[in-house]
Amino acid sequence: MSGERNLARLLASLTATAREGEFAFVARPAADPSLAAVAHAMVRENEGITYVMPCEVADARGLPYDFRAAWLTLGVHSALDAVGLTAAFANALARHGIPCNVLAGFHHDHLLVAADRRDDALAVLADLARDGGGA
């Protein structure tokens, strides 16, 4: 099943929803099956593995992290080779000073934004959809 490639249609149908809770990025130099079991996402890098997990899980395990994130999921299925969607939402959020980290899945893009700016980010994304991003 392929996703949408047309940027104007992607932006016109853009919606965003927030997962419950706040999330932390926890880095480890090697794989940790116990963290993998509770992570909502993982990224392997040369320096080690980043686990994205609920802050409450990281806190309970005494794991350090520097950034509390709200997890937003874009409700549009963009093709993996679509051009411009990431730039459009990243630029819109940047104009409002909202930090954003992106995880792309097969069906959706997931944005981890500063937890204290969650509602602002949702409003910016709604405006982007309403305005069509100028596309």
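Tabulated values for the structure
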| quantity | calculated |
| --- | --- |
| Filter result (of a type in the set (A, V, I, L, M, F, W, C) and surrounded by fewer than 19 Cβ atoms within 10 Å (Cβ to Cβ)) within the range 66-81 | PHE67, ALA79, LEU80 |
| Residue check for ALA69: over 27 Å from LEU122 (Cα atoms) and either within 14 Å of the chain's Cα centre (by Cα) or not assigned by TED's automatic domain parsing to the domain that holds ASP127 (or both) | no |
| Identity of the residue in the range 59-89, of a type in the set (Val, Ile, Thr) and in a loop (DSSP other than H, G, I, E, B), that ends up farthest from GLU20 (Cα to Cα) | VAL83 |
| Residues of the range 36-56 satisfying the condition of being touching a strand residue (DSSP E or B) at 6+ places or on another chain (Cβ under 8 Å) and in contact (Cβ under 8 Å) with a residue 24 or more places away in the chain | HIS40, ALA41, VAL43, THR50, TYR51, VAL52, MET53, PRO54, CYS55 |
| Sole residue being at pLDDT below 95, touching a helix residue (DSSP H, G or I) at 6+ places or on another chain (Cβ under 6 Å) and of a type in the set (Val, Ile, Thr), chosen from VAL76, VAL83, VAL38 | VAL76 |
| Some residue of the range 90-101 being within 14 Å of the chain's Cα centre (by Cα), in contact (Cβ under 8 Å) with a residue 40 or more places away in the chain, surrounded by 14 or more Cβ atoms within 10 Å (Cβ to Cβ) and in a helix (DSSP H, G or I) | no |
| Subset of the range 7-55 (residues that are under 18 Å from ALA70 (Cα atoms), β-branched (Val, Ile, Thr) and in contact with a Pro (Cβ under 9 Å, 6 or more places away or on another chain)) | VAL26, VAL38 |
| Residues (among the aliphatic types (A, V, I, L, M) and within 22 Å of VAL52 (Cβ to Cβ)) located in the range 1-24 | ALA16, ALA18, ALA24 |
| Count of the range 33-58 residues which are in a loop (DSSP other than H, G, I, E, B), of a type outside the set (A, V, I, L, M, F, W, C) and crowded, with 17+ Cβ neighbours inside 10 Å | 0 |
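The values are calculated or read from the model by the stated rules, or taken from the named source; none is laboratory data. Model, not experiment: these values are computed from the prediction. All Cβ positions, glycine included, derive from the backbone under ideal geometry; neighbour counts span all protein chains shown.
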